[in-house]
Amino acid sequence: MLITNHFRLVGIVYENAKYEERNDGLKVTKFTLVVKNDPRKPKEKNYLPIYVKGNDAVLAAHICRSGNKVAVNGRIETINRFDHKTGSINVEIMFIAEDTIYLLNKATKKTIDMKKPQVITDWFCPDEKETPNVKTK
C-alpha cells in the first residue's frame, strides 16, 4: 500500500482570503474552506485553514472570496511547538494548497471555462483592477 501526504477538498470559501508578503519575501495567502463532513448530515461542517504559498498566493487572494466554491489539492504540514510554561508539545496542522481549481463564483453564479482564454481575475473581481492589500516590510 502506497501512503502519501496528499489531500483533495471541495468547499466554499468562508471569508475573503488574506494576503501577506513576509519579510523574507515569501508570499502567503490564507483562507478558510468550509467542507461538509457527511452528505447525509448537511449541517455538520469543518472549517479548515488553507495556506497558499509562492506565486499562486496572489491569484488565490483575488479568487478566494467569500462564498466562492473551490477545489484544493495539496499536502498537510505540521509544526511542533514546545510550551515552556506547561511542558507540553503543541502540534499545529496546516493544509498547504499546491493546486487550486476555482469551480463557481458566488456573485455571478457562473462556472469557469478553463479552455477559453481570459483574464481570470475579471471573473471574480471585475470592479477591482488593483492587487489585494499587501503588507510590506
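The values are calculated or read from the model by the stated rules, or taken from the named source; none is laboratory data. The structure presented is a predicted model; accordingly, all values stated were derived computationally and were not measured. Cβ coordinates were reconstructed from backbone atoms using ideal geometry, including for glycine residues, and neighbour counts include every protein chain displayed.
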Q. Out of all the residues in region 16-32, which are among the polar types (S, T, N, Q) and in a loop (DSSP other than H, G, I, E, B)?
A. Asn16, Asn23
Q.
Contact list please: Cβ distance under 8 Å, first residue in region 77-103 and touching a residue at least 24 places away in the same chain (Cβ under 8 Å) and under 19 Å from Asn55 (Cβ atoms), second residue β-branched (Val, Ile, Thr) and not in a strand (DSSP E or B), pairs at least six apart or on different chains.
A. Thr100/Ile63; Tyr102/Ile63; Tyr102/Ile112; Tyr102/Ile120
Q: Determine whether region 56-64 contains at least one residue that is at pLDDT below 85 and within 14 Å of Leu33 (Cα to Cα).
A: yes
Q. What are the residues in region 59-102 that are surrounded by fewer than 14 Cβ atoms within 10 Å (Cβ to Cβ), within 14 Å of Gly11 (Cα to Cα) and hydrophobic (A, V, I, L, M, F, W, C), if any?
A. Ile101
Q) Of all residues in region 10-31, how many are surrounded by 19 or more Cβ atoms within 10 Å (Cβ to Cβ) and polar (S, T, N, Q)? A) 1
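Look at region 34-74 and say how many of its residues are in contact with a Pro (Cβ under 8 Å, 6 or more places away or on another chain) and free of Cβ contacts under 8 Å to residues at least 60 places away in the same chain.
Residues of region 34-74 that are in contact with a Pro (Cβ under 8 Å, 6 or more places away or on another chain), as a first pass: 36, 58, 61-62.
Next, only the ones that are free of Cβ contacts under 8 Å to residues at least 60 places away in the same chain stay: 36.
Here the count works out to 1.
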